[in-house]
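Note sheet for the following structure.
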Amino acid sequence: MNGGTRQGIDLTRVLHAPQRRVFAAWTSPEDFAAWYGGEAEVPLDRVAMDVRPGVWSLVIVLPGVEMPFHGVYRVVSEPDGLVLTLKDGSTPPDGEGETVTVTFTDLGDGTTELAFQQRGGNLTPAQYAAAEDGWEAFFDALAARLATHP
């Protein structure tokens, strides 16, 4: 992909957990706080999720900085996936933010394919590259969460 024309992120992971468990990891505040943010702390009292078309928010806390994220669930299709908007502190109040689509496909044998797509065109190619690195770290943390909390 040409770095100057990058418009989003596409990632695929195979997770060693059943489809419904992966869906729950994206929709339970305890699970989501445990993996979103990778190694960073996400205090559970700073997570709000109304998993139906509605609002979600959380704050990642790093030493000396807080990074708020929020958005709206547009589609909730249990256990197949979610479509949600994603905004951070730099998104203008009237901005749409990015759209995240995650699809969970049951591969059998207790494994699930997670197909992730982020679109919006609101980030520079360098910001998309950094965000992709962040999502990769988050998905590493998600895989670890699923391994320790089946």
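Points to keep in mind about this one:
- Accessible-area composition of the chain, carbon plus sulfur, in percent [1.4 Å probe]: 54 percent
- Residues of the stretch 85-114 with amide N under 15 Å of the 7 Å Cα→Cβ point at residue 14: 105-114
- Accessible area in square angstrom per residue, the chain, 1.4 angstrom probe: 51 Å²
- Contour excess over end-to-end distance, with Cα ends at residue 65 and residue 45 and 0.36 nm allotted per residue: 5.5 nm
- Simple label model, 7 Å out from Cα along Cβ direction - residue 103 to residue 57, nm: 3.2 nm
- Based on Cα contacts under 8 Å between residues 6+ apart, the stretch 1-135 shows a relative contact order of 29 percent.
- Taking 10, 50 and ordering them by how much accessible surface each has at a 1.4 Å probe, largest first, produces 10, 50.
- Model label points for residue 80 and residue 28, set 7 angstrom from Cα along the Cα-to-Cβ axis, are 2.4 nm apart.
- Note on the stretch 60-148: with charges restricted to the Cβ of Lys and Arg (+1) and Asp and Glu (-1), its dipole about the Cα centre is near 200 debye.
- Modelled spin labels at residue 96 and residue 129, positioned 7 Å past Cα toward Cβ, are 2.6 nm from each other.
The values are calculated or read from the model by the stated rules, or taken from the named source; none is laboratory data. Only a predicted model underlies this, so the values are computations on that prediction, with no experimental measurement involved. Don't worry about glycine lacking a Cβ; one is built from the backbone with ideal geometry, like all the others, and counts go over all protein chains shown. These accessible areas exclude ligands, DNA and RNA; they are computed on the full protein's heavy atoms, side chains included. Shrake-Rupley method; radii C 1.70, N 1.55, O 1.52, S 1.80 Å.
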